[in-house]
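To keep things clear, I will list the structure first and then write my remarks on it.
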């Protein structure tokens, strides 16, 4: 039989993570506990602890993911509720035996390295339900995903900085060209380049 330990999180799909954080973190006062990109789900998630549970903000990173389809169809809002359970394989077997429609027949690795599976809303009265079990690899997986996200931010920053420097060089070169070719510049003035 399924044994639910607690509500782990409520997931909210957003189209703008910064705007969502402006409410949940900056106005409501929840602290940003962790942010990571979950490649399998094509999403970036921000986790904000609230007591023994969390608010999980989910932003799709592609137009083809299930989260993106949900966002396009329903707009921003509550996506799913997640329950911590003890034995995910036994729970999935029990739910299949009871005739519930599962999205995931086998557990997969989700946010923070948890072993997760989803129950289809058709079997739950319209609510997408996520089940999770700790895998023992959470710390390593969270660190790896956070490092990957940080590397992407650094790379984006380096690309931005390179673009700014190219722009500044172009302005400098254009200014030097204009000074050299200004009317009345015979090229012999000691203060001109």
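Each value in this text was obtained by applying a stated rule to the coordinates, not by laboratory testing. It should be emphasised that the depicted structure is a prediction, and the values quoted were computed from it without experimental measurement. Every residue, glycine among them, receives a Cβ derived from its backbone with ideal geometry; neighbour counts consider all protein chains shown.
Is the stretch 74-139 best put as rounded, prolate or oblate by its Cα gyration tensor, with a ≥ b ≥ c the root eigenvalues, rounded for a/c under 1.5, and otherwise prolate when a/b is larger than b/c, oblate when not?
Numbers: a/c = 2.42, a/b = 1.14, b/c = 2.11.
Note, shape of the stretch 74-139 comes out oblate.
With the crude spin-label approximation of a point 7 Å out along Cα→Cβ, what separation in nm comes out for residue 4 versus residue 155?
It works out to 4.0 nm between the two label points.
Is the stretch 4-137 best put as rounded, prolate or oblate by its Cα gyration tensor, with a ≥ b ≥ c the root eigenvalues, rounded for a/c under 1.5, and otherwise prolate when a/b is larger than b/c, oblate when not?
prolate
So for the stretch 1-74: antiparallel DSSP bridges make up what percent, rounded to the nearest 5?
If we restrict to bridges inside the stretch 1-74, about 70 percent are antiparallel.
Can you give the extra length, in nm with one decimal, that the chain gains between residue 90 and residue 124 once fully stretched, where that is 0.36 nm per residue apart less the Cα-Cα distance?
Extending this stretch completely gives an extra 10.4 nm.
Taking square-rooted eigenvalues a ≥ b ≥ c of the alpha carbon gyration tensor, is the stretch 1-49 rounded, prolate or oblate, where a/c under 1.5 means rounded and, failing that, a/b exceeding b/c means prolate?
Since a/c reaches 1.5 but b/c is at least a/b, the shape of the stretch 1-49 is classed as oblate.
Order the peptides 106-114, 119-127, 3-11 from the highest to the lowest mean number of other Cβ atoms within 10 Å of their residues. Working shown, then result.
Values: 106-114: 18.9, 119-127: 12.9, 3-11: 15.7.
Descending packing order for the listed peptides: 106-114, 3-11, 119-127.
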